[in-house]
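Novice: After the structure tokens below, expect a handful of questions from me.
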Amino acid sequence: MPQVLPSEKKKLNEKATKMANTYAWIVYYNKSIGQQSMGKCSSFMQFKSKIIANQKADKFFYESILLFSAKCLKDAFDNQDLTKLEEEISRLFRSNAFNITERKLYMEERKRKYPQLKEPQAINDKAIPELIESRLKIPK
């Protein structure tokens, strides 16, 4: 695997920081609940209902930004590196709690390491307690 020079790492980190700051600016200034709407909320329940009402539109907006970023950057990368590009964009723009790629890779690794986590093909009633017991022995 090729080594990345420290000067190149610094440049990459600076570009990633700039991109993340731009993303934060876009998200903040295009939030679904503006300052005026927040001022009109006189209770927590009103605020929460506005958040819930806008949840789908917010998710679509954030996913669109990620997709837009990937589409803009794809021409700068080889076709075989596009998956890595999408994973890196997800890593940069999503926290670990919402990073779908990271969660999927983590769960696949756990299932590989602990085969008892995989869903059984066919199971009878007598095997259920054994399955539950084996799953309980897996470290969290």
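The values are calculated or read from the model by the stated rules, or taken from the named source; none is laboratory data. Note that the coordinates shown come from a computational prediction; the quantities given were computed from them, not determined experimentally. Neighbour counts are summed over all protein chains in view; Cβ atoms, including those assigned to glycine, are modelled from backbone coordinates with ideal geometry.
Novice: Show the residue pairs that are 6+ apart or on different chains and have beta-carbon atoms under 9 Å apart, the first residue being within the range 70-89 and closer than 22 Å to residue 103 by Cα, the second being of a type in the set (Phe, Trp, Tyr).
Specialist: Hits for this filter: 84/77; 85/77.
Novice: Could you list, in sequence order, the residues of the range 82-114 that are modelled with pLDDT of 75 or more and not in a helix (DSSP H, G or I)?
Specialist: 114
Novice: Out of the residues in the range 115-140 meeting the condition of being modelled with pLDDT under 75 and touching a Leu at 6+ places or on another chain (Cβ under 9 Å), tell me which one is farthest from residue 104 (Cα to Cα).
Specialist: The extreme case among them is 123.
Novice: Could you say whether any residue in the range 64-73 is in a helix (DSSP H, G or I) and either on the phi > 0 side of the Ramachandran plot or in contact with a Cys (Cβ under 7 Å, 6 or more places away or on another chain) (or both)?
Specialist: The answer is no, given that none of the residues of the range 64-73 is in a helix (DSSP H, G or I) and either on the phi > 0 side of the Ramachandran plot or in contact with a Cys (Cβ under 7 Å, 6 or more places away or on another chain) (or both).
Novice: Evaluate the following for residue 16: is it at pLDDT below 80, of a type in the set (A, V, I, L, M, F, W, C) and touching a Leu at 6+ places or on another chain (Cβ under 7 Å)?
Specialist: So residue 16 fits the description; yes.
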